[in-house]
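All remarks here apply to the structure that follows.
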Amino acid sequence: MTSPTKAEDSGSAAVLDPELPATAEVAKGEKQPEGRSPGQLMWQRFKRDRTGVVSACVVIFFFAVAALAPVIAKVYGKNPYTLYAQEPEYPFLLDDFAMPTGSFGGMSGEFWFGVEPKLGRDVFTMLLYGMRTSLYMAVVVTVLCVVTGVLIGMISGFFGGRVDYWVGRVTDFFLAFPQQLFFIAFMPVVTAMFVSPEDETPTYLRAVAIILVMWFLGWMGLARLVRSSVLSLAEREFVEAAKVSGASPWRIVRKEILPNIVTPILVQATYILPSTILSIAFLSYIGVGFVEPTPDWGRMFAIGTDVYEQDPMFLLFPGAALVIFVLAFNLLGDSVRDAFDPKTGR
């Protein structure tokens, strides 16, 4: 038999000895493939979803416009509070029936989206500030509901036993409340607790009351979802191993359980926020939310329903904005869910 050549010896040694760093590719300066974290993999999947990317851009646009509403209004030269029909420089904004003159609700170079019937306020700035009111309120309510739901669901699912039983009964009790009827009945009670019936309720107090009422009845669905997820994880091997190793309950929850339920929490939060916006608009629409002169989407709908036969354009812009935002946020939630869990991909 012939003895192996020197090149063959070095080649076989490189294969058999994993500690030898020299390979042909590395010698040429090429980089070895790097591992990706779950977050990087999620981001890669999300970027490939065109629907999710477009929806995210729409949502970011709405939040940017809401944050910059005062700046945009200043550049535009109007505000949502001035009755421009009573200003001397705009003598012909409304006709004899208090309806906007001109076509499409009074749209012009001065008033891009027209003017409000009867009062002559600028619709464009009303829409901007109404968006600002609704989005800011919805974000606060969503954060409170998510934090409360996660804490209560974690406690119920992790400790189990009597704790789970009583927390579950309290959750069932709150779920039994008819939310819409409770909003209508309880909002005046909350405001009357702090303001005399003869006095006008301040806007900030109405905002606080809306937040408290919606928080009071908005955390139960997420709490039940978190509880079921924690119960399914509590018996897994890695959680049992953490318990055997002597890890504290707080460390087990923070390191082992919470990272594994981020996906359902995040997806549920993307559904809570648009639902909250619709609820806030509903409260203002029926007169128990924001009132004059606070700009709000629900108030714009209430005004528009009174004049839609004479001025249908007034409902067009708030209706389109609300539909586009809610649809985009729901699609974004679906895309985020698919990015975290590709098995549910559409």
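Below is a table of values for the structure above.
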| quantity | calculated |
| --- | --- |
| Which listed residue, of 71, 58, is at pLDDT 85 or above, surrounded by fewer than 14 Cβ atoms within 10 Å (Cβ to Cβ) and assigned to a helix (DSSP H, G or I) | 71 |
| Filtered residues of the range 127-149 (kept if within 23 Å of residue 259 (Cβ to Cβ), in contact (Cβ under 8 Å) with a residue 24 or more places away in the chain and surrounded by fewer than 22 Cβ atoms within 10 Å (Cβ to Cβ)) | 144, 146, 148 |
| Residue that is under 17 Å from residue 302 (Cα atoms) and of a type outside the set (Asp, Glu), where the choices are 120, 106 | 120 |
| Matching residues, the range 296-346, being at pLDDT 85 or above and part of a loop (DSSP other than H, G, I, E, B) | 296 |
| Close pairs (8 angstrom Cβ cut-off, 6 or more residues apart or separate chains): within 23 Å of residue 134 (Cβ to Cβ) in the range 63-92, charged (D, E, K, R) and open to solvent by 50 Å² or more (accessible area, probe 1.4 Å) anywhere | 66/132; 67/132; 69/132 |
| Options 182, 186, 238, 194; residue that is closer than 25 Å to residue 266 by Cα and either assigned to a helix (DSSP H, G or I) or out of contact with any Cys (no Cβ under 8 Å at 6 or more places or on another chain) (or both) | 238 |
| Positions within the range 195-229 being hydrophobic (A, V, I, L, M, F, W, C) and open to solvent by 40 Å² or more (accessible area, probe 1.4 Å), in sequence order | 208, 212, 215, 216, 225 |
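The values are calculated or read from the model by the stated rules, or taken from the named source; none is laboratory data. Everything numeric here is computed off the predicted structure, so don't read it as measured data. Cβ: placed from backbone, ideal geometry, glycine included. Neighbour counts: every protein chain shown. Note: areas computed on protein heavy atoms with side chains; ligands, DNA, RNA excluded. Shrake-Rupley method; radii C 1.70, N 1.55, O 1.52, S 1.80 Å.
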